[in-house]
Structure formats: structure tokens, C-alpha cells
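Here's the structure, in C-alpha cells; my notes come after.
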Amino acid sequence: MQDQNEYLYFLRRAFDGMLDVLEDLGDELGNTRPPLTGANSVYAITYHCAAVADYWTGHIIAGREVDRDRASEFTATGQGRQLRRQVDALFVQLAADLDSVTPTAPPLNTPPPDFEGPDRELSVRGVQLHVLEELAQHHGQIQITRDLLQQGASS
């Protein structure tokens with residue numbers, strides 16, 4: 001249980017960093033894509049991260065049914081405060097999903113072969129590390145996106 005609390009602590013730090021940037025930018029700029037090919041808005045990246053955590057933890061680890069439309073995550077728009085409430089609710093669900101799992105056990109589901117993710121079989125702990133990997137890289141992406149948007153807004 002302590003391992004799961006520690007894990008959720010680090011997920012929360014990553015999400016709080018993303019959500020703080022989103023709220024600092026405000027909804028208009030937070031939903032704006034920087035002028036780079038293939039770039040995503042801060043809102044869309046944060047929304048995608050919530051879907052990543054929900055799918056990989058809830059479905060892959062815990063076996064819960066999760067309805068995910070990955071492609072739509074990158075075009076998602078909305079309000080930062082509402083997304084924070086959704087992430088708060090997600091953390092209640094993630095704690096329940098992880099409550100009775102053993103980190104060294106295999107997860108209850110396997111991601112489809114065409115899913116982007118590690119190309120090897122994973123334990124529960126391995127899936128958790130993958131989620132943390134995704135959140136850490138996207139948190140950095142959000143910080144760079146914020147800098148680009150603020151630079152463009154001040155020009």
C-alpha cells in the first residue's frame with residue numbers, strides 16, 4: 001500500500017504541474033496550439049495524460065473497462081478548472097484500481113499490439129513506470145509549450 005501511495009504522489013506532482021500551467025495560461029491560451037507542425041495545446045496534452053493514466057492503470061493493470069478514443073485526446077478543448085476536477089476524480093479511481101494489486105504480478109490486460117507503449121511484457125510495476133514516463137515527458141512538453149505560447153502572446 002505504501003508503494004502505491006508513493007506512486008500516486010509522483011503522478012499527482014506531474015498532474016499538478018500540468019494543471020498549474022494550464023490554469024496560469026487561462027482557458028483561451030491553454031487551448032491554443034503553438035505554431036509548430038503537429039503541436040498540441042496544453043489542455044489537449046493534459047487531457048491525453050489523464051486518459052493515459054486511466055487506460056493503463058484502470059484497464060491494463062486493474063482490468064476495468066475504459067472507453068478510450070486516443071485520437072480525440074489531441075483535439076480536446078475545455079476549461080482548466082473542470083479538467084482539474086476530472087483529474088481529482090481520476091485519482092480516487094486510480095487509488096481504488098491499485099488498492100489490491102501486487103506490483104510484481106502481471107497486469108490483468110495486455111495493450112493491443114498497435115498501441116504505443118513498451119514493446120515487452122510488463123509487470124504491474126512496469127505499467128506504472130510507463131505511465132510515470134508518459135506523464136514526465138508530457139509535463140516537460142507542457143512547460144515548453146507554455147513558453148512558446150507566452151512568447152507568441154508577448155510579441
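Throughout, read-outs are computed from the coordinates displayed, never taken from laboratory work. Remember, it's a predicted structure, so these values are computed and weren't measured experimentally. Virtual Cβ from ideal backbone geometry, glycine too; neighbours counted across all protein chains shown.
Of the residues LEU25, TYR47, SER72, the one whose Cα sits farthest toward the positive end of the charge dipole of the chain, with +1 on the Cβ of Lys and Arg and -1 on the Cβ of Asp and Glu, is LEU25. Based on the alpha-carbon gyration tensor of the stretch 34-90 and its eigenvalue square roots a ≥ b ≥ c, which shape applies: rounded if a/c is under 1.5, prolate if not and a/b is larger than b/c, or oblate? Oblate, because a/c is 1.5 or more while a/b does not exceed b/c. Applied to the stretch 64-76, the Karplus parametrisation 6.51 cos²θ - 1.76 cosθ + 1.60 on θ = phi - 60° returns per-residue 3J(HN,Hα) values of 6, 6, 10, 8, 10, 10, 4, 4, 6, 4, 7, 10, 4 Hz, with x for Gly and Pro. Computed from these coordinates, which is Rg and Dmax of the Cα atoms in Å: (i) 19.9, 65; (ii) 15.9, 47; (iii) 15.8, 53? The value matching this structure is (iii). Put a dot 7 Å past the Cα of GLN86, heading toward its Cβ, do the same for ALA105, and the two dots end up 3.0 nm apart. Computed from Cα atoms, the angle from the helix 124-154 axis to the main principal axis of the chain rounds to 0 degrees.
Think of the chain as a dipole: +1 on every Lys or Arg Cβ, -1 on every Asp or Glu Cβ, centred on the Cα centre; then among ASN5, GLY117, GLY140, GLY140 lies furthest on the positive end. Since only VAL101, GLN86, TRP56 are under comparison, the one whose Cα sits farthest along the positive direction of the charge dipole of the stretch 36-102, derived from C-beta charges on Lys, Arg, Asp and Glu, is GLN86.
Measure nothing fancy, just the Cα-based angle from helix 42-53's long axis to the longest principal axis of the chain, in degrees from 0 to 90, nearest 10. Around 0 degrees separate the two axes. Averaging Cα coordinates gives a centre for the stretch 112-155 and one for the stretch 1-54; these two points are 9 Å apart. Per the helix-only calculation at 222 nm, which mean residue ellipticity applies to the chain, given -39500 (n - 2.57) for every DSSP H run of n ≥ 4 and division by its residues, nearest 500 deg cm²/dmol? Helix-only estimate at 222 nm: -21000 deg cm²/dmol. Taken about its Cα centre, the chain carries a charge dipole of about 140 debye when Lys and Arg each add +1 at the Cβ and Asp and Glu each add -1 at the Cβ. Taking other residues whose beta carbon is less than 10 angstrom from the beta carbon of LEU22, and scoring Lys, Arg as +1 and Asp, Glu as -1, yields -1.
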